[in-house]
Amino acid sequence: MGRGAEYVADVAASGLLGGGGRYTALCAERLGERLGSPLVLLTPSCSAALELSVLLAELGPGDEAIVPSFTHPATAAAVAKTGAIPVFADIAPETLGLDPSTVAAAVTDRTRAIMPTHYAGVACDMAGLSTLAERHRLAVIEDAAHGVFADLEGRPLGSLGDAGCFSFGQMKNVTCGEGGALAVNREDWVTRAEVLADRGTNRRAFERGEVPAYSWVDIGAAGAPGELVAAYLWGQLEVADQIVSARRAVWSMYHERLAQAEAAGTLRRPAVPEGRHLDGHIYYVLLPDRSERDRAITRLAEAGVQAAFHFVPLHSSAAGLRHGRTAGALEVTDDVAGRLLRLPIWPGLSEADVERVVGGLVDVARPQAGAARA
Ligand SMILES: *Cc1c(COP(=O)(O)O)cnc(C)c1O
């Protein structure tokens, strides 16, 4: 979908391949309008946006940041890279995002940030997390990789914390292969964010005529994609509404067709608590237990349907054990990670495809009285 290839050819013909050109500006402007953020920077990935965020929050050795264990490794890896400790807290069963009560129990004198992931674009309990953040003076950095076009009561995900991180990787709703964005939602972080993302220089201020020459002023990274990538991304952002509504339509088809299976106790469908508007990034179900889930994957694969699970919990992963600390028992994380199954979802998945997936799933998932979580 979209005119990305045309825009890439346009950039290639111009020879102006470096970042920061017309398409970069168009993408940042479009995202900025949606998010209402004082600054949006395109980044090479969501991982890069997370790495910039933890630098903005001034995380360093001896500090701690509270992260979910049920998330992409990038959320925790960004913390560990600064020498700070990712502290794994449990998720709430209603949102599959950080549970404020487990976060409260994880806070210490060394805590500097809370980094919620909005799983499947379902907003975490941001009111609860913000209250904690205010009480303990913590930064809030949102991993909104699943929720580029999702919101909480009309407020876009990624605009609710001090910074929001987005992914335009291959598997995401809007993609340029590898890409991301950082929304800086605090005015007092804007100048430093520009410097950190520009190899530690004040080149942007120089380009605006604010300083006579640009020089090295801080630590930093090569934090922007080139213009070919931005051009492709612009082609996608132009049609983002169509992409998202097509994905939402598939999401709704699954949801309707699986209602009966849920009523029969065969599986649990995603809960969407009040005020959450999703962008159709993920459709998942919770099977009664790990063996049912694994059996479903095998049987669906035999029927030519690729269904996958994630995330392998971070707190018990090799790097999690080496770099992190676990707060509490993480029972919901371990439970959900063992039972969750993602169903195929992309724009253009037909009703017949959905029927085939649902048929295969309902066929394998035998009812087990009382085993599915309410
Ligand atoms: C995909 C993803 C990331 C990493 O994004 P990249 O752009 O590949 O770096 C981070 N967090 C979550 C929740 C993701 O799904």
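The values are calculated or read from the model by the stated rules, or taken from the named source; none is laboratory data. Treat the numbers as computed from the prediction; the structure is a model and nothing was measured. Please note: Cβ atoms are built from the backbone with ideal geometry, for glycine as well, and neighbour counts cover all protein chains shown. Areas reflect the complete protein model, heavy atoms only, side chains present, ligands, DNA and RNA absent. Shrake-Rupley method; radii C 1.70, N 1.55, O 1.52, S 1.80 Å.
Of note:
- Scanning region 25-54 for residues that are among the hydrophobic types (A, V, I, L, M, F, W, C) and either within 15 Å of residue 157 (Cβ to Cβ) or within 16 Å of the ligand (Cβ to nearest atom) (or both) yields 27, 31, 35, 40, 41, 42, 46, 48, 49, 50, 52, 54.
- Pair list, Cβ under 7 Å, 6 or more apart: region 109-125 residue open to solvent by 10 Å² or more (accessible area, probe 1.4 Å), other residue more than 10 Å from the ligand (Cβ to nearest atom) and in a strand (DSSP E or B): 110/64; 112/64; 112/65; 112/139
- All positions within region 252-284 that are hydroxyl-bearing (Ser, Thr, Tyr) and in contact with a helix residue (DSSP H, G or I) (Cβ under 8 Å, 6 or more places away or on another chain): 254, 266, 283, 284
- Residue 105 being at pLDDT 95 or above, more than 16 Å from the ligand (Cβ to nearest atom) and part of a helix (DSSP H, G or I): yes
- Residues of region 77-91 satisfying the condition of being within 16 Å of the ligand (Cβ to nearest atom), open to solvent by 10 Å² or more (accessible area, probe 1.4 Å) and among the hydrophobic types (A, V, I, L, M, F, W, C): 77, 80
- With respect to (1) of a type outside the set (A, V, I, L, M); (2) touching a strand residue (DSSP E or B) at 6+ places or on another chain (Cβ under 6 Å); (3) surrounded by fewer than 23 Cβ atoms within 10 Å (Cβ to Cβ), the lone exception for residue 143 is condition (3).
- Residue 357 under 24 Å from residue 144 (Cβ atoms) and not assigned by TED's automatic domain parsing to the domain that holds residue 85: no
- Annotation note: Cβ proximity below 9 Å between a residue of region 167-179 that is free of Cβ contacts under 8 Å to residues at least 24 places away in the same chain and a residue that is assigned to a loop (DSSP other than H, G, I, E, B) and near the ligand (Cβ under 7 Å from one of its atoms) (sequence gap 6+ or interchain) occurs for 170/178.
- You will find that of 50, 42, the residue that is part of a helix (DSSP H, G or I) and either open to solvent by less than 20 Å² (accessible area, probe 1.4 Å) or in contact with a Cys (Cβ under 7 Å, 6 or more places away or on another chain) (or both) is 50 and no other.
- Every pair of residues 6+ apart whose Cβ atoms lie under 7 Å, when the first sits in region 14-27 and is in contact (Cβ under 8 Å) with a residue 24 or more places away in the chain and assigned to a helix (DSSP H, G or I) while the second is hydroxyl-bearing (Ser, Thr, Tyr) and crowded, with 20+ Cβ neighbours inside 10 Å: 23/7
- Looking at 179, 158, 154, 164, just one residue is open to solvent by 20 Å² or more (accessible area, probe 1.4 Å), at pLDDT 95 or above and in the same structural domain as residue 39 (by TED's automatic domain parsing), and that residue is 154.
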